[in-house]
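K.L.:
Sharing a structure, written as structure tokens. Questions coming.
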Amino acid sequence: LVKDQEEMNKKIEDLIATLPVDSEGSVPLYQFKGCWYPSFAIRGNIAADLHFQAQDSDIFLASPPKSGTTWMKALIFSIVNRNRYPPNESPLLTTHPHNLIQYIEFRHYLNGNIPENLDQLLKPRLFATHSHYASLPHSITHSSCRIVYICRNPLDTFVSLYHSPRSSKITQQDMDATYEKYCRGIIHFGPFWDNILGYWQASLEKPEKVLFLKYEDLKEDIVFQMKRLAKFLGFPFSVEEENEGLVEEISSLCSFESLKNLEVNRSDKPTRPGGPPANSFYRKGEVGDFVNHLNPSMVENLVTITQEKFAGSGLVF
Ligand code: A3P
């Protein structure tokens, strides 16, 4: 078995060596099945593709980085576990959302690790991924498990990404270089538009499998979107729960202000070895902050690219 594993690892390293690579960022990114990955996540993606067995009750949260993933992790965890933990006893009060729902490709199967404890996770099992729909591990797309996808307009996503610790310090030069890379799609789990289009198409073809959400819509009407989400997940709010104000209670527990101010989320320690600090996932939490950071020509250019990429898809941001 060890020998088989060694042979497999060798094959994967040989494969990675043949992939298109961009070595200019903080870590090299490799394009695999259309998606730009750091090598540890490619190994994780391949290991999950070979070994992960999805259960029909599993729930996946998929997103491009910096689109509201942390918020959605908090919401999904709270909705499906509300009978285990009332909001005032929620594990969210003491655990970072990223440690309640972990990434398949760079936590569970990090670097090709094969986890043994997935059966011990609470049911429904909750996982996250930044991979494109087309590069998801086989078992996820070929089972009845559900996928919630969240994304955000490209301007705010870029600004959020730019401020995340992955990027270098803020100078106009860095901003221009990062922007140029972003427009070419060479970012973690990019191109941004391909990441979105795959899940958008899947949500149109299989609405019972993929729920497509936008950060801006959640900001506009969180209660409505939470009810939609709960129904999709198979945990609809009852009339009694709605009358008791449970939806509002969960939404306020998971709000930006509430989570940001919890001690566990104010820490500057990483949420996973080598990952960004816990507090870096909470910056401003607003729609439209791009106006404070991008000049009009940057905005216009990104809007034009987005219109071209999404033309004919029915998607509008
Ligand atoms: P900003 O950088 O614009 O503030 P992700 O979780 O995918 O990394 O996305 C991070 C973005 O979501 C950051 O955006 C962060 O502030 C925002 N965010 C984090 N928690 C949030 C919450 N509970 N409500 C709304 N936005 C939140």
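K.L.:
When you check Phe158 against the structure, is it open to solvent by 10 Å² or more (accessible area, probe 1.4 Å) and either at positive phi or aromatic (Phe, Trp, Tyr) (or both), yes or no?
P.N.:
Judged against the criteria, Phe158 is not a match.
K.L.:
Keeping to the stretch 262-309, report how many residues are charged (D, E, K, R) and at pLDDT below 95.
P.N.:
Selection size over the stretch 262-309: 3.
K.L.:
Do we have Ile104 as open to solvent by less than 10 Å² (accessible area, probe 1.4 Å), away from the ligand (no atom under 11 Å from the Cβ) and in contact with a Gly (Cβ under 8 Å, 6 or more places away or on another chain) here?
P.N.:
yes
K.L.:
Quick one: Ser251 ticks every box in (1) crowded, with 17+ Cβ neighbours inside 10 Å; (2) more than 20 Å from the chain's Cα centre (by Cα); (3) among the polar types (S, T, N, Q) bar one, so which box is it?
P.N.:
(2)
K.L.:
Now a separate question. I need the full set of residues from the stretch 77-88 which are away from the ligand (no atom under 15 Å from the Cβ) and within 25 Å of Tyr199 (Cβ to Cβ), in order please.
P.N.:
Listed by number, the residues that qualify are Val80, Asn81.
K.L.:
Another one. Scan the stretch 260-304 for residues that are under 20 Å from Leu92 (Cβ atoms) and small (Gly, Ala, Ser) and jot them down.
P.N.:
Ser267, Gly275, Ala278, Ser280, Gly285 - these are the residues of the stretch 260-304 that are under 20 Å from Leu92 (Cβ atoms) and small (Gly, Ala, Ser).
K.L.:
Could you identify the single residue in Ala74, Ala62 that is over 23 Å from Gly190 (Cα atoms), hydrophobic (A, V, I, L, M, F, W, C), within 12 Å of the ligand (Cβ to nearest atom) and touching a helix residue (DSSP H, G or I) at 6+ places or on another chain (Cβ under 7 Å)?
P.N.:
The conditions single out Ala74.
K.L.:
Let me ask another. Out of Ala230, Ala278, I need the residue that is buried (at least 16 other Cβ atoms within 10 Å of the Cβ) and under 16 Å from the mean Cα position of the chain (by Cα). Which one?
P.N.:
On inspection, the qualifying residue turns out to be Ala278.
K.L.:
Moving on to the next point. Six or more apart or on different chains, Cβ atoms under 8 Å: show the pairs whose first residue is in the stretch 209-225 and under 18 Å from Leu155 (Cα atoms) and in a helix (DSSP H, G or I) and whose second is open to solvent by less than 40 Å² (accessible area, probe 1.4 Å) and of a type in the set (S, T, N, Q).
P.N.:
Sorted first by the residue in the stretch 209-225, then by its partner, the pairs are Tyr215/Ser67; Tyr215/Asn153; Glu216/Asn153; Asp217/Gln225; Leu218/Gln225.
K.L.:
Something else now. I need every pair where a residue in the stretch 107-130 that is over 17 Å from Ile46 (Cα atoms) has its Cβ under 8 Å from the Cβ of a residue that is open to solvent by 70 Å² or more (accessible area, probe 1.4 Å), sequence separation at least 6 or different chains.
P.N.:
Taking only residues 6 or more apart or on different chains, the pairs are Leu122/Arg84.
K.L.:
Applying the selection to the stretch 251-303, what residues are within 15 Å of Pro165 (Cβ to Cβ), among the aromatic types (Phe, Trp, Tyr) and assigned to a helix (DSSP H, G or I)?
P.N.:
Across the stretch 251-303, the qualifying residue is only Phe281.
K.L.:
Could you go through the stretch 89-97 and let me know if any residue there is within 12 Å of the ligand (Cβ to nearest atom), of a type in the set (Ser, Thr, Tyr) and within 20 Å of Tyr282 (Cβ to Cβ).
P.N.:
no
The values are calculated or read from the model by the stated rules, or taken from the named source; none is laboratory data. Just so you know, these numbers come straight off a predicted model, no measurement behind them. Cβ: placed from backbone, ideal geometry, glycine included. Neighbour counts: every protein chain shown. What goes into the accessible areas is simple: the full protein's heavy atoms, side chains included, and nothing from ligands, DNA or RNA. Shrake-Rupley method; radii C 1.70, N 1.55, O 1.52, S 1.80 Å.
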